[in-house]
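Visitor: Got a structure here, written out as C-alpha cells. Questions coming.
The values are calculated or read from the model by the stated rules, or taken from the named source; none is laboratory data. On a predicted model such as this, the values are computed, not experimentally measured, just so you know. Cβ coordinates were reconstructed from backbone atoms using ideal geometry, including for glycine residues, and neighbour counts include every protein chain displayed. Please note that ligands, DNA and RNA were not included when accessible areas were found on the heavy atoms of the full protein model with its side chains. Shrake-Rupley method; radii C 1.70, N 1.55, O 1.52, S 1.80 Å.
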Amino acid sequence: EALSQGPTLEAANRFATLGLPCPATFGHAEWLLEALVLERFGEVELDALRAEHGVAAFAPFARHTGAAAASAPDEKLPWLAQVRVLVSRCWKVAKGSLWSYELATLQLVIGLLEGLLFARIGYAEEDAAIRFRACFIIVVKSMFFPMLNALPVIPTSEVLLRKELAVGAYSLSAWFMPATTIPLLPDFINAAVNFVPMYWIAGVADDAGAFFLSTCAIICTIICFQSIGYVFSIVSGRRSGSVTMVFMSFCFLFSGVFAPLDKIALPWIGYLNPLFYATCFVAQSVFLQGTSYEQDDASKPPKTRDEVLNDANLYTPAGVCAAVLLGVAVLVRLLAFLLLQRKMRRVLLVQTAVHDEVPSAPKHAATVTVQAEPSPKLQPGLAGAVSANVEAV
C-alpha cells in the first residue's frame, strides 16, 4: 500500500506533523526509510497516511515529474538559501558542545599557571627574552588545539554528506562553509578563557591596544591552523594524527624560540612556518613603541624596542604577519574544499557505476522510487532526486 508520494521534503514535512520530524543528522530520503522500516508510526498515524495516499487517494506518480518536480523546494534552493538551512542544522548539532566546563577549567588553570610563570615581566635586558617566550606561549596553544580539533570534523560527516550529495540535497560548497566555520567557536571561547588571565597576570603589555592586537593574532592563528588541520584530515585519512604531530613539531622547532633563524642550517625554512608569523604578530604588538630595555652592562645605553625585535629576527610588521596568516588560511581552506570535492566525486561515481550494474534490487520492508534529473550543482552523471514515492510492502 502507498503511504506517501511526492517530493521528499513534502513527505518529510508530513511525517513531522505526525510526530516524527527529520533529525538534523538525517537526509530526508534516509529519514523516510528510517521511519517506515523501523515501524516508528503507530496505527493512528498509519491510518492518517493511508487516508491521504492509500488506494483511494492514489494518483499516478508521473504527475510529480517534469516542471513541477523540477521546482521541488528541497531540491532547487538557491545557494544562499542552502547555506542558511545548513547553518541552522550545523548550529543545532554543534551548540551543545560549544561550552565544556571541564575544558574551560583546564584552559583557565593553564592560563593562571602561565601567568604566574611570567608574572609581571619587566624591562631589563633579560626581560626581553622572557617577553618573547611569553609571545610564543600565547600563540602555540592557538596552533595545537584548533588543528587537533579540526581532524575529526570532515571524516565524521562524510557518510551523511555522501548520501545527501548523491540525491542532490545541496551543493558541497554550501555545506562546507558552515560545517568548517562553526567549529571555530569553541576554539575562540577556550582561547579567551586561557588568554585573558595569562596576559594580565604576566604583564605581557599593560596596554589595551596591545591586548586587542594580540587577540587579533590569536584569531588569525586559530583560523590558519584549523584550515591546515582540515587538509591533513582529508589527505592523510587514518594517519592524519601522526602527520599533524610531525607538522606541529616542525612549527615548534623552527619558530625562532629555541635557535635564532639566522643561526640554523636552513634559515629560510623558518619563514615557511606559520607559527613564526603568529609569534612575530604578537611580539610586534606587545613590544610597545617607546619602551627600552636596560642592558646588564650599565655603561651601555638601553636597547630600543626595534633593536630587541631585530635581535630576535622579529622585524616583520604586524600587518604583514596578519596578511600571511589569513592568506594561508584562505588558500589552505580552498585546497581542503577542492580535495573534498574531488574525493566526493570519485566516491559518487563509483556508487553510480555499481548501481547501474545491479539488474534489480530485492524487496525490503520499505522502498523508495526516485525520479531523478542531472543536477547542475554536482558532477555530470550524478543525479539529484526531485521526487520520491515511498511504499510499505
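Visitor: Say the cut-off is 29 Å between C-alpha atoms; which of LYS141/LYS343; LYS95/LYS163; LYS263/LYS303 go over it? Before the final figure, lay out each step's value.
Guide: Numbers: LYS141/LYS343 31 Å; LYS95/LYS163 24 Å; LYS263/LYS303 21 Å.
As for pairs spanning more than 29 Å Cα to Cα, those are LYS141/LYS343.
Visitor: Counting other Cβ atoms within 10 Å of each Cβ, which chymotrypsin sites (Phe, Trp or Tyr not before Pro) in region 276-336 have at most 13 and sit in a DSSP loop?
Guide: Values: sites: PHE276, TYR277, PHE281, PHE287, TYR293, TYR315; in loops: PHE287, TYR315.
Hits after loop and neighbour filter: TYR315.
Visitor: Can you give me the distance in nm between label points at LEU185 and ALA298, each placed 7 Å from the Cα along the Cα-to-Cβ direction?
Guide: It works out to 5.8 nm between the two label points.
Visitor: Hey, can you grab everything whose amide H is under 5 Å from the amide H of GLY168? Only 5+ residues off in sequence or another chain; H modelled, so Pro and N-termini drop out.
Guide: ALA385
Visitor: Let me ask something additional. With the full set of protein chains in place, find how many percent of the accessible area of region 8-52 is carbon and sulfur; take the probe as 1.4 Å.
Guide: Here it works out to 57 percent.
Visitor: Would you work out which of ALA265, ALA205, LEU335 lies farthest towards the positive end of the dipole of region 79-354? Charges go on Cβ: Lys and Arg +1, Asp and Glu -1.
Guide: With unit charges placed on the Cβ atoms, the residue in question is LEU335.
Visitor: Over region 79-354, with every protein chain in place, what whole percent of the accessible area is carbon and sulfur at 1.4 Å, could you tell me?
Guide: Details: 9030 of 13090 Å².
So the carbon and sulfur contribution to the accessible surface is 69 percent.
Visitor: Is the shape of region 151-268 best called rounded, prolate or oblate, per the rule: a/c under 1.5 gives rounded, else a/b larger than b/c gives prolate, else oblate, with a ≥ b ≥ c the square roots of the Cα gyration tensor eigenvalues?
Guide: Values: a/c = 3.00, a/b = 1.53, b/c = 1.96.
Verdict is oblate for region 151-268.
Visitor: Would you work out the relative contact order for region 8-52, in percent, from Cα pairs under 8 angstrom that are 6 or more residues apart? Write out the running numbers ahead of the final one.
Guide: On the way: 20 pairs, mean separation 13.5, N = 45.
Contact order relative to length: 30 percent.
Visitor: Which of rounded, prolate or oblate describes region 79-354 when judged by the alpha-carbon gyration tensor and an a/c cut-off of 1.5? Intermediate values should be presented prior to the final figure.
Guide: On the way: a/c = 2.73, a/b = 2.02, b/c = 1.35.
It is prolate, given that a/c is not under 1.5 and a/b is the larger ratio.
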